[in-house]
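Report on the following structure.
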Amino acid sequence: MKKVEEWKFERERMVQEQIIARGVKDERVLEAMREVPRHLFVEKTYYHQVYNDYPLPVGHGQTISQPYMVAVMTELLELKGDENVLEIGTGSGYQTAVLALLCSKVYTMERIAELTKDARSRLEKLGFRNISFMVGDGSIGWPDYAPYKGIIVTAGAPDIPNALIEQLDENGRLVIPVGHEHCQVLNVVKKHKGRIYRKEIFECTFVPLLGKQGWKH
Ligand code: SAH
């Protein structure tokens, strides 16, 4: 078992070599990536690889995203600290933890109940108190707490779900991979004075967003 300082050292290396080196600049995001103990979000068998530059399995055919992808998507939300954020695709809860350090409240949705259960218990053990969990179809969002200043989707969608655009606040940002089932483009959608602005960032690959306004199989 590695000591806390050794894990910290591995995280610093991850931040320097994978995240800063590729251009992520938001200091708050870098600090959150240094802080969250990513190894606690995977099975022990993956501990030795968890700070490497790729996603890893988390069970049920799903993955914990590559560290760089988590950092970029979070930076694109431009969080200052007082926002409410909706996350679709809780998975391991790793991205949820990074968000929870950077905004005031995270609402996170996952369709696989076992993943929610494990993520909730990890995040509670780590002391997070500003996260609400829901098992359900995130492609139609979570209207009860809308509008959200930030919405992040960590699964690939065929199109931008209308429900999520509707639940986005004025001056809010929605970050979402959109495209084919095995290859998408990361999109940022902004709402300003009721109008929608959309920007494409780069190509990426996520597991599919399944559901009413996602892929149907
Ligand atoms: N952010 C997660 C990534 C998980 S992978 C992490 O870093 O661990 C994407 C997740 O989206 C999977 O767990 C998958 O089950 C979930 N998902 C797919 N479609 C969904 C939907 N319609 N609603 C909620 N979650 C969904």
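Here is the figure for the stretch 136-163: residues that are within 20 Å of ALA100 (Cβ to Cβ) and of a type in the set (A, V, I, L, M) total 5. Here is a check on your reading of the model: is GLY150 in contact with a helix residue (DSSP H, G or I) (Cβ under 8 Å, 6 or more places away or on another chain) and within 17 Å of VAL189 (Cβ to Cβ)? So GLY150 passes the test.
Every residue, every condition in (1) under 23 Å from GLU181 (Cα atoms); (2) buried (at least 17 other Cβ atoms within 10 Å of the Cβ); (3) among the charged types (D, E, K, R), yes or no:
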residue	(1), (2), (3)
TYR54	yes, no, no
ILE64	yes, yes, no
ALA71	yes, yes, no
GLU75	no, yes, yes
ASN84	no, yes, no
GLY89	yes, yes, no
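Just so you know, all these numbers are worked out from the coordinates, no wet-lab data involved. All values reported here derive from a predicted model rather than from experimental measurement. Cβ sites come from the backbone with ideal geometry, for glycine too, and all protein chains shown count toward neighbours.
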